[in-house]
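Working notes, beginning with the structure itself.
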Amino acid sequence: MCLTRFCNMLFWMYFVYAFIFVCMCMLIRFKLKKQWVKEVCFPTGKLQKNNDNDMTFMENLLTGIEEKNIAAHSPIEQRWSSSSSSLMSPAHGPTDGLHSWVGIIMYLPSEDVTQRKDITNKFQGEYCDLLGTVGENFDAASHWAKLELPKNDTEEKALQIFLSKRYPVDLFNLMRYVLDPKNILSNDLMNAAFGKPSK
C-alpha cells in the first residue's frame, strides 16, 4: 500500500469518526440534556482599577433571585478576563480592560418529563429574564455558546437589534457572504441572530 493511499485512508477514517463524535455530542446536547446554562459578559473597569460593576451585578442578581423566589441552583459562576481585541467577542474592549462573566445554571436531575419541562420553563423564562434585566444596566452580552434560538419573531428582532448595536454585524455578514456565499456553514441560530449573509 503506497503512502498516499494510507494517508487517504487515515483521513477518511478520522473524518468518519469525527462526524460520529459530533453527531453523538449533538444528540447528547439536544436529547439528553442534563442542565441549562446561560452566561453573560460585561465590562467592569480596568485591570488596575475595577469599577465594581462585577460585585454590583452579583448583588442585583442575588436580590432578584430572592425577590422572585427562584430556586437558583449552585453554583452561580463568576469569572474575569482581560478585554479581547476580537470585534465579535463579548469581551471586546481596550487592552487594559477587565470583563466579568456570570453564568447561571439549572440542573435537570429527573427523567420525569413534566418535572424537566417545569425546570426548563422556569430557567428559560423567569431566571434568564432576570439575568437579562440585570445585565441591561451593565452592557452585558451573552456568551456565544450559550445563546439560544429565539422563540418567536419578536424575540428574533430584539436579538438582531441588540447584536447590531454591540457588534459590527454588517461587516460580519459581508465576510459571511464572501467566505460562504451559499450559507452552507450557517445554522438556524446564526441566521436568526444575524440574518442571511449579504453584500
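The values are calculated or read from the model by the stated rules, or taken from the named source; none is laboratory data. Everything numeric in this text was worked out from a predicted model, so none of it was measured. Glycine also receives a Cβ, built like all others from the backbone with ideal geometry; neighbour counts cover every protein chain displayed. For accessibility, only protein heavy atoms count, side chains too; no ligands or nucleic acids. Shrake-Rupley method; radii C 1.70, N 1.55, O 1.52, S 1.80 Å.
Using only side-chain charges placed at the Cβ, +1 for Lys and Arg and -1 for Asp and Glu, the dipole size of the range 146-199 relative to its Cα centre rounds to 160 debye.
Accessible area per residue for the range 58-131 is 54 Å², calculated with a 1.4 Å probe on protein heavy atoms, without ligands, DNA or RNA.
Using only side-chain charges placed at the Cβ, +1 for Lys and Arg and -1 for Asp and Glu, the dipole size of the range 99-199 relative to its Cα centre rounds to 420 debye. Karplus-derived 3J(HN,Hα) values for the range 59-71, using 6.51 cos²θ - 1.76 cosθ + 1.60 with θ = phi - 60°, are 4, 5, 5, 5, 4, x, 4, 5, 5, 8, 6, 7, 7 Hz; glycine and proline are entered as x. Highest average first, the peptides 145-155, 90-100, 56-66 ordered by how many other beta carbon atoms sit within 10 Å of their residues are 90-100, 56-66, 145-155.
Dividing the Cα convex hull volume of the range 94-179 by residue count, how many Å³ per residue is that? Don't skip to the answer; put the middle values down first.
Values: hull volume 13.7 nm³, N = 86.
With only Cα atoms used, the range 94-179 gives 159 Å³ per residue.
Tell me the Kirkwood radius of the range 26-150: reciprocal of the mean inverse pair distance over distinct alpha-carbon atoms, in Å. Don't skip to the end; give the middle numbers.
Details: mean 1/r = 0.0647 Å⁻¹.
One over the average 1/r among Cα pairs gives 15.5 Å for the range 26-150.
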